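Just so it is clear, none of the values below were taken in a lab; they were calculated from the coordinates. Nothing here was measured: the structure is a model prediction, and the numbers come from that model. No Cβ is skipped: glycine too gets one built from the backbone with ideal geometry, and neighbour counts run over all protein chains shown.
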């Protein structure tokens, strides 16, 4: 699932991205504002300091997503041998990973402490509620992590576990809390038609299944980069126009804009909390951390430099541009930079259901537990 940008491609993208949006902006004032915004984003891509947002702060002084990884012998938060929800693809210890240092790192924000996760408190506060993760296998990664973190607090509590290719659910029956996973790699529709499989950039009929949830956690990006045999569509459609292919970042922007429109039209913030899991990085190319001959394979420690050499992914730019157009409150779990540092946290060869080297997903226990600690902080911090 990995997709890497070399320097020339990234530079070409930014020029294309700049002119693409200028075409979308009709008046001079908006164009000038966008130019300023793009300049700030490019600067942040170089310095790797992401701009703060009030939706990302705990209180008034702490940005949860700016910090570093520290060794903590009390970690991990649960054992993969006692959690019934861990998929073989993510169960690195079971499939022979010889080291365990990757389990012992805790995310430490610079200006505050993350609240310690309390699964019993979570269940009490969300008693009788429905929580749904919507997205690809990285949503599955986070969904399994959260259910394991909660289960560790109530190991004797009755639960039900149903897993399918499309919709899966864990229900903690003593509390009436249902945590669901809706698998959809693009958020927008992929429809089988006479011409073949069509990725519809302006259609979310599947969104009907997301209604009635008390919390929604969305994710998409990695499948937008797939080509060849791993690409699950034959054509891209927008309106009445059909394309054999399209610049993938442009397609991502259009699809995510359709998602934002769906949120604006369908979410009642008095009834539903909405989150977006930010761009999860891959570590197939060691040049991203100044080690060109390496990949995630054999990595046992995080990257500890002050600035991640690869800078900010272009997909992060797209996400933040779309977020600027959201009218309903959506909390961005901005996990990109803190995850970039964790080149050590992938399954690599230690996976039960993934051939080759997996530098896209994450071991469990592992990094997605931190994503859920950030989710917990956003809910209760």
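Annotations
- For segment 177-259, the strands (runs of 3 or more DSSP E) that sit wholly inside it and include 2 or more residues that are over 18 Å from the mean Cα position of the chain (by Cα) are 177-183, 189-193, 196-200, 235-238, 241-243.
- Some residue of segment 193-204 being under 28 Å from residue 128 (Cα atoms), in contact with a strand residue (DSSP E or B) (Cβ under 6 Å, 6 or more places away or on another chain), in contact (Cβ under 8 Å) with a residue 24 or more places away in the chain and surrounded by 16 or more Cβ atoms within 10 Å (Cβ to Cβ): no
- Selection within segment 167-187: residues that are more than 16 Å from residue 122 (Cα to Cα) and in contact with a strand residue (DSSP E or B) (Cβ under 6 Å, 6 or more places away or on another chain). The member of this set that is surrounded by the fewest Cβ atoms within 10 Å (Cβ to Cβ) is 167.
- Test: residue 90 is crowded, with 19+ Cβ neighbours inside 10 Å, more than 25 Å from residue 380 (Cα to Cα) and out of contact with any strand residue (DSSP E or B) (no Cβ under 8 Å at 6 or more places or on another chain): yes
- Of all residues in segment 339-370 being part of a helix (DSSP H, G or I) and out of contact with any strand residue (DSSP E or B) (no Cβ under 6 Å at 6 or more places or on another chain), the one that is nearest to residue 150 (Cα to Cα): 369
- Some residue of segment 142-160 being part of a strand (DSSP E or B) and either in contact with a helix residue (DSSP H, G or I) (Cβ under 8 Å, 6 or more places away or on another chain) or in contact (Cβ under 8 Å) with a residue 12 or more places away in the chain (or both): yes
- Taken over segment 260-283, the criterion of being out of contact with any strand residue (DSSP E or B) (no Cβ under 7 Å at 6 or more places or on another chain) and either buried (at least 20 other Cβ atoms within 10 Å of the Cβ) or not in a loop (DSSP other than H, G, I, E, B) (or both) is satisfied by 260, 261, 262, 264, 265, 266, 279, 280, 281, 282, 283.
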